[in-house]
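Everything on this sheet refers to the single structure shown next.
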Amino acid sequence: MKVFFSEDHRLHFPQAELSGGQFVTPYERPSRAEYVYQRLKQQGLRDIADPGPCDMGPVRGMMDPGFLGFLETAWDQWKAAGCAGEVIPAAIPARRMQMARPPRNIDGLAGYYCLARETAITGGTWAAALSSMASAQAAQRHVAGGARAAFALCRPPGHHATADMYGGYCFLNNAAVTAQMFRDQGAGRVAVLDIDFHHGNGTQDIFYGRGDVFFASVHGAPEDAFPYFLGFGDETGTGAGEGTTANYPLPPGTGYDRWSEALDDAIARIRAWGAEALVVSLGVDAYKDDPISFFKLDSPDFADAGRRIETLGLPTVFCMEGGYAIEAVGINTVNVLEGFLG
Ligand code: SP5
Ligand code: ZN
């Protein structure tokens, strides 16, 4: 399986994550990608290519222009305003406090485009986010060109980002743009299967009203897990998208038996719906030793999950999302790919 990976992910290395009222070293750190890269090579998945530049067309086609302009200039504006630290806004639009317009002040502007304040923006964030998107796009082009599957080793991840919000360590939604590229190239129906521990709220939001992209997610129940406010089982889509969202929220302590039942149901739904291409939001934070999650999957379970996903028989792009048990992230991610390859 061909892999796309950009070294430019290293340009995003924030020092601070807001956690428990303190700033801690971010869980989402450069070494995550390095461990996956090393494990790929170790396991013989050596066909690894730099993706080249990001194609801005599909990104601009999906994302809010003000949001893109904000991401590109946030660091410079923040510094120009005399802020000493990384971009972490104080106020964000809360219930009944939604603003119709983005403010001029950079602290307000950052809050306007923010969905979770644990995520800091730094001087290299925009370039890294573009390089991550570029890997997803290159993987999509590779599969569109006839390959059965490809792996985009994306960092930073993307599935929490909406068309106009960043957060949850995500800035640009790589999986959503990948799915849209399949649509633009002629696939009638595309599915996104999100197996990251966290609900893919950004991806769901982007496709919620659309009947041409199916979104299925197996994740920690929002009562107990980030992103808290979306991912309930009764969210099934709206309008033309009614019936094309499938959420499988699962409780703390969930092991592979229950998790794989949900995965099988998601796979059956995607098959029955008639998807022609598949994008997998591949997070491995369902792992038992993940520091910020509460599922109990073991490393061999990820290979089994890869085998089950393969049964769909679809052209498949894997986009890396979360996973924070640093060394195990490499093993578990590559296990999914090896399980898929059989
Ligand atoms: C892509 C992805 O997996 N994003 C996840 C973002 C989660 N951010 C909030 C994490 C809250 C962590 N709480 C830490 C408690 C540690 N004891
Ligand atoms: Zn996650």
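Each value in this text was obtained by applying a stated rule to the coordinates, not by laboratory testing. If you're wondering where the values come from, they're calculated on a predicted model, not measured in any experiment. Here the Cβ is made from the backbone with ideal geometry for all residues, glycine too, and neighbour counts use every protein chain on show.
Here region 57-150 is assigned +1 on the Cβ of each Lys and Arg and -1 on the Cβ of each Asp and Glu. Its dipole about the Cα centre then comes out at about 320 debye. Helical runs assigned H by DSSP (4 residues or longer) give the chain a calculated mean residue ellipticity at 222 nm of -11500 deg cm²/dmol, each run adding -39500 (n - 2.57) before division by the residue total. Summarising the amide proton neighbourhood of Ala49: residues at separation of 5 or more, or on other chains, whose placed amide H is nearer than 5 Å comprise Val3, Phe4, Phe5. Give the shape of region 111-245 as rounded, prolate or oblate, defined through the alpha-carbon gyration tensor: a ≥ b ≥ c are the square roots of its eigenvalues, a/c under 1.5 means rounded, and otherwise the shape is prolate if a/b is larger than b/c and oblate if not. Oblate shape, in that a/c is at least 1.5 and b/c is the bigger or equal ratio. Taking amide H atoms as placed 1.01 Å from N in the peptide plane, the amide H of Asp194 lies under 5 Å from those of Ala216, Ser217, Val218, Ser281, each 5 or more residues away in sequence or on another chain. Residues Cys154, Cys83, Cys54 in ascending order of nearby Cβ atoms (within 10 Å, fewest first): Cys83, Cys54, Cys154.
On the beta carbon distance between Thr25 and Trp273, with R0 = 30 Å, the FRET formula returns roughly 0.10.
Think of region 140-246 as a dipole: +1 on every Lys or Arg Cβ, -1 on every Asp or Glu Cβ, centred on the Cα centre; then among Thr244, Cys154, Phe197, Cys154 lies furthest on the positive end. The mean sequence distance of close C-alpha pairs (under 8 Å, at least 6 residues apart), as a share of the length of the chain, puts its relative contact order at 18 percent. Ordered by the count of other Cβ atoms within 10 Å of each Cβ, fewest first, Asp304, Asp205, Asp234, Asp265 give Asp234, Asp265, Asp304, Asp205. Pairs of Lys residues in the chain are counted when their Cα atoms are under 29 angstrom apart and they lie 8 or more places apart or on different chains; the count is 5.
3J(HN,Hα) along region 314-321, derived from phi through the Karplus expression 6.51 cos²θ - 1.76 cosθ + 1.60 where θ = phi - 60°, amounts to 9, x, 10, 10, 8, 10, 5, 10 Hz, with x in place of Gly and Pro. Classify region 15-80 from the C-alpha gyration tensor, please: rounded if a/c falls under 1.5, else prolate or oblate depending on whether a/b exceeds b/c. Here region 15-80 falls in the oblate category.
Contact order, relative form, for region 222-305: 23 percent (alpha carbon pairs under 8 Å, 6 or more residues apart, mean separation divided by residue count).
Would you please state the base-10 log of I(q)/I(0) at q = 0.07, 0.11, 0.13 1/Å for the chain, with intensities from the Debye formula using one equal scatterer on every alpha carbon? Debye curve over Cα of the chain, log10 I(q)/I(0) at q = 0.07, 0.11, 0.13 Å⁻¹: -0.25, -0.64, -0.92. Computed over region 234-288, the P(r) tail beyond 14 angstrom holds 65 percent of alpha carbon pairs. Selection among Gly57, Phe340, Ser131 by position relative to the dipole of the chain gives Gly57 as farthest towards the positive end (Cβ unit charges, Cα centre).
Using a Gaussian network model of the chain whose springs link C-alpha atoms within less than 10 Å, name the residue from Ser19, Ser135, Ser260 with the highest mean-square fluctuation. Greatest mean-square fluctuation among the candidates belongs to Ser19.
Contact order for region 1-95, expressed relative to its length and based on alpha carbon pairs under 8 Å spaced 6+ residues apart, stands at 31 percent. The residues packed around Ala246, meaning those with a beta-carbon under 13 Å from its beta-carbon, carry a net charge of -4 if Lys and Arg are +1 and Asp and Glu are -1. Which shape class applies to region 275-335: rounded if a/c is under 1.5, otherwise prolate when a/b exceeds b/c and oblate if not, where a ≥ b ≥ c are the square roots of the Cα gyration tensor eigenvalues? Taking the square roots of the gyration eigenvalues as a ≥ b ≥ c, region 275-335 is prolate.
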